[in-house]
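Structure record follows, encoded as structure tokens.
The values are calculated or read from the model by the stated rules, or taken from the named source; none is laboratory data. Because the structure is a prediction, the values reported are computed rather than measured. Neighbour counts run over all protein chains shown; Cβ positions are idealised from the backbone, glycine included.
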Amino acid sequence: MLELRGLTKRYGDVTAVDDLSCVFRPGRVTGFLGPNGAGKTTTLLLALGLQRPDAGTVRVGGRRYTALDAPMREVGALLDAQAVHPNRSGRDHLRALAAGNRLPVARVGEVLERVGLSAVAGRRAGTFSLGMKQRLGIAAALLGDPAVLLLDEPINGLDPGGIAWVRALLRELAAEGRTVVLSSHLMSEMEQTADHLIVIGRGRLIADTSLTAFLDRAAPAGLLVRAEDPGFPAALSAAGGSVREVPEGGWLVFGLPAYEIGRLALTRRIVLTELSPRRGSLEEVFMSATASSTDFTGHASAPVSAVSGVPGGDPVRSARGSR
């Protein structure tokens, strides 16, 4: 378990993490989300003792990271997949980590096998693709067989097969009873992987809830309608519905129950090809929840969110100095 209590970190006049309190619990994948500049990476650095907080505490299994007798046996982390000597082989990179942390060398072969790098472990890490380096970084995080895993953007550079593999691996690790913390901006993958979400903005806690509860609480109950009559949206609007065309075809309708839409189609002798509930995606809900915590956003041709009506474009990288 990873526990943050009143965690605060300032850089000059910028508060990167602001009185943050939350608990990352074992047995589930917790998505750690926030816009650029929210303080996510700073929080992970504080958890690993790589930065000192100005106030508050971080506890791993009840103890500070710097007080752990064998840190890699307690916490595994992937913060930067590029942090490997380019002239050292993947196997030697892990062997050096094992030796420096008094870990059995047999673990090197075990983690290489688990991440699928056994066949290329003798190659220089500098020749690895970004996806291969991500796998090597995950292997390093697993080297000490830790109870807590902190992974920052672990699927960057992976192909679709690799992304599916990481998704399955994280679920497997959580099922083993580990605390798995996943920080990523890829909302579609987070929606398929995480059980729980901790969302921050400008260093402050916005949400600490299950993925299902986050989606259900923030997303309105819309209905996806597809029909063989392109004039049907006008009829829906005249009946009091709020209608928005969706890119994949059809219309998202708010304010009318399904039976009213069906009755309207029947009276107009219109064939409905789909009438189904559509919950807002995690991306839409996230954009709505963090709209007031985003430092900079682009506005040119920004699509309108189905959840809140705020611009739906990706936030521009923050000038606040942390993610």
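Looking only at residues of the stretch 145-165 that are aliphatic (A, V, I, L, M) and in a helix (DSSP H, G or I), we find that the one that is nearest to the chain's Cα centre (by Cα) is Ile163.
Residue-by-condition table, conditions (1) surrounded by 14 or more Cβ atoms within 10 Å (Cβ to Cβ); (2) on the phi < 0 side of the Ramachandran plot; (3) outside the structural domain of Thr41 (by TED's automatic domain parsing); (4) modelled with pLDDT under 80:
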{"site": "Glu260", "(1), (2), (3), (4)": "yes, yes, yes, no"}
{"site": "Leu264", "(1), (2), (3), (4)": "yes, yes, yes, no"}
{"site": "Arg268", "(1), (2), (3), (4)": "no, yes, yes, no"}
{"site": "Val285", "(1), (2), (3), (4)": "yes, yes, yes, no"}
{"site": "Thr294", "(1), (2), (3), (4)": "yes, yes, yes, yes"}
{"site": "Ser305", "(1), (2), (3), (4)": "yes, yes, yes, yes"}
{"site": "Gly309", "(1), (2), (3), (4)": "no, no, yes, yes"}
{"site": "Gly312", "(1), (2), (3), (4)": "yes, yes, yes, yes"}
{"site": "Ala319", "(1), (2), (3), (4)": "no, yes, yes, yes"}
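Here Arg217 meets the list (1) closer than 19 Å to Ala38 by Cα; (2) at pLDDT below 90 almost entirely, failing just condition (1).
Taking Leu186, is it farther than 26 Å from His85 by Cα, surrounded by fewer than 22 Cβ atoms within 10 Å (Cβ to Cβ) and free of Cβ contacts under 8 Å to residues at least 60 places away in the same chain? Spell out the reasoning first.
Values: farther than 26 Å from His85 by Cα: yes; surrounded by fewer than 22 Cβ atoms within 10 Å (Cβ to Cβ): yes; free of Cβ contacts under 8 Å to residues at least 60 places away in the same chain: yes.
For Leu186, the condition - farther than 26 Å from His85 by Cα, surrounded by fewer than 22 Cβ atoms within 10 Å (Cβ to Cβ) and free of Cβ contacts under 8 Å to residues at least 60 places away in the same chain - is met.
Among all residues of the stretch 28-48, there is at least one that is among the charged types (D, E, K, R), assigned by TED's automatic domain parsing to the domain that holds Glu191 and within 26 Å of Met187 (Cα to Cα). For the stretch 127-144, the set of residues classified as in a helix (DSSP H, G or I) and in contact (Cβ under 8 Å) with a residue 60 or more places away in the chain consists of Ile138, Ala140, Ala141, Leu142, listed by residue number. Here Gly255 passes the criteria (1) at positive phi; (2) in the same structural domain as Ala81 (by TED's automatic domain parsing); (3) small (Gly, Ala, Ser) except the one numbered (2). All but one of (1) under 30 Å from Leu150 (Cβ atoms); (2) of a type outside the set (Lys, Arg); (3) in a strand (DSSP E or B) hold for Ala213; which doesn't? Here Ala213 clears every test but (3). Based on this model, can you work out whether Pro71 counts as over 14 Å from Leu151 (Cβ atoms), surrounded by 19 or more Cβ atoms within 10 Å (Cβ to Cβ) and modelled with pLDDT under 95? In short, no.
Just one of the listed residues (Leu173, Leu136, Leu142) is surrounded by 18 or more Cβ atoms within 10 Å (Cβ to Cβ), modelled with pLDDT of 95 or more, hydrophobic (A, V, I, L, M, F, W, C) and within 18 Å of the chain's Cα centre (by Cα), namely Leu173.
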